[in-house]
Amino acid sequence: MATSVRARPDGSPPPAAPPSSPGPRRRSPGGLRSTLYRWDVKAIPYVFVAPFFLTFAAFGLFPLIYTGWLSLHRVELGGDPTWKGLENYTDLATSEFFWNALVNTFTIGVIATVPQLLMALGLAHLLNYKLRGRGFFRVAILAPYATSIAAATLVFAQLFNTDYGMINGVLGWIGIDPVNWESSKWPAQIAISVIVTWRWTGYNALIYLAAMQAVPQDLYEAAALDGASRWRQFVSVTIPSIRPTILFTIIVSTIGATQLFGEPMLFGGSVGISGGSGNQFQTLSLLMYEKGWVTGALGQASAIAWVMLLLLMLVGGVQALVSRHNRKKLGG
């Protein structure tokens with residue numbers, strides 16, 4: 001039944017009913033799901049990478065900062081730290097042991113790195129061609145890298161033994177007097193470099209091989225049509241194409257040489273921590289270990305660690321400059 005609406009006496013229409021007050025607004029399920037989805041997209045990636053950053057902060061960043069703090073103090077095992085400022089660093093600048101270790105680290109690094117990378121390039125170039133059983137050879141050259149440092153060093157220490165080593169035996173067959181591989185400076189550094197070269201040549205060869213297989217075959221075909229020999233193709237096509245990889249292996253090998261520790265320590269035996277009886281093959285890592293855990297001067301050991309970090313940062317800066325120069329050259 002319809003409800004009649006009375007008009008006013010003057011004939012004007014009746015006033016409209018006041019609007020009802022709106023009730024509490026309810027959020028639609030679709031809007032809630034959209035908000036949760038946006039939060040999921042923004043937050044979940046950070047949740048996935050959070051374990052890495054937490055682990056790095058606990059085992060990487062905090063030890064780094066704490067070591068820097070220790071390098072500014074006099075710290076001994078069982079004692080309280082005493083502020084020294086930059087005195088630990090100035091002591092290193094005037095220490096003949098530090099400069100001897102720095103020079104030894106450089107010379108061993110050069111003697112080990114240059115032949116290592118040259119042989120790795122040659123092996124990778126050979127394995128890049130179709131050879132019978134090349135899969136076996138690719139696995140075989142990686143076997144030294146899989147061998148532990150202790151096992152490899154102990155075997156080579158026997159080979160280079162002054163009294164009954166096979167190396168001196170072979171030298172005696174060709175009329176060369178026995179070499180004192182442990183007590184003489186350069187023979188000891190050469191022996192340690194041989195161990196490093198033996199372990200890392202195959203690893204670098206596989207890196208070079210992967211880079212060589214990415215070189216377009218059209219370049220080799222064009223060079224062959226121009227009459228280029230395999231050697232000329234290697235020099236003019238392969239080397240320029242894998243130049244960034246070569247630079248990468250040089251930087252990585254330099255970092256490894258700066259941190260060289262296990263090979264010289266085990267090669268020297270009872271005097272391995274001090275780098276031989278006359279510190280003839282003591283590296284920065286060995287000096288840091290000796291200062292920290294033999295003499296108990298943790299502040300000086302921390303200063304050596306930070307000097308090594310600065311050297312590695314310098315090497316990284318050189319790599320960045322060379323890479324930028326190469327990109328500009330290619331872009332130009």
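The values are calculated or read from the model by the stated rules, or taken from the named source; none is laboratory data. Fair warning: this is a prediction, and the values are worked out from it, not measured in the lab. Please note: Cβ atoms are built from the backbone with ideal geometry, for glycine as well, and neighbour counts cover all protein chains shown. Note: accessible area is taken over every heavy atom of the protein model, side chains too, but ligands, DNA and RNA are not part of it. Shrake-Rupley method; radii C 1.70, N 1.55, O 1.52, S 1.80 Å.
Here are some notes:
- Taking every residue in region 178-194 that is closer than 13 Å to Q280 by Cα and pairing it with any residue that is open to solvent by less than 60 Å² (accessible area, probe 1.4 Å) and of a type in the set (D, E, K, R), at least 6 positions away or on another chain, the pairs with Cβ-Cβ distances below 8 Å are I192/E263.
- Positions within region 131-164 being at pLDDT below 90, among the hydrophobic types (A, V, I, L, M, F, W, C) and not in a loop (DSSP other than H, G, I, E, B), in sequence order: F136, F137, V139, A140, A143, A146
- In region 173-194, the qualifying residues are those that are under 18 Å from G275 (Cβ atoms) and among the small types (G, A, S), and the one that is nearest to the chain's Cα centre (by Cα) is S193.
- Single unsatisfied condition, H325 versus (1) within 25 Å of the chain's Cα centre (by Cα); (2) open to solvent by less than 70 Å² (accessible area, probe 1.4 Å); (3) over 25 Å from L77 (Cα atoms): (2)
- Residue in region 44-76 that is nearest to the chain's Cα centre (by Cα), counting only those that are closer than 19 Å to I304 by Cβ and open to solvent by 60 Å² or more (accessible area, probe 1.4 Å): L64
- Just one of the listed residues (I190, I176, I167) is modelled with pLDDT under 90 and either more than 30 Å from I239 (Cα to Cα) or assigned to a helix (DSSP H, G or I) (or both), namely I176.
- All conditions but one from (1) open to solvent by less than 20 Å² (accessible area, probe 1.4 Å); (2) β-branched (V, I, T); (3) within 28 Å of K329 (Cβ to Cβ) apply to T197; the one that does not is (3).
- Checked against (1) under 25 Å from N161 (Cβ atoms); (2) surrounded by 18 or more Cβ atoms within 10 Å (Cβ to Cβ), G269 meets all criteria but (2).
- Subset of region 138-167 [among the polar types (S, T, N, Q) and either touching a residue at least 12 places away in the same chain (Cβ under 8 Å) or touching a His at 6+ places or on another chain (Cβ under 6 Å) (or both)]: T147, T153, N161, T162
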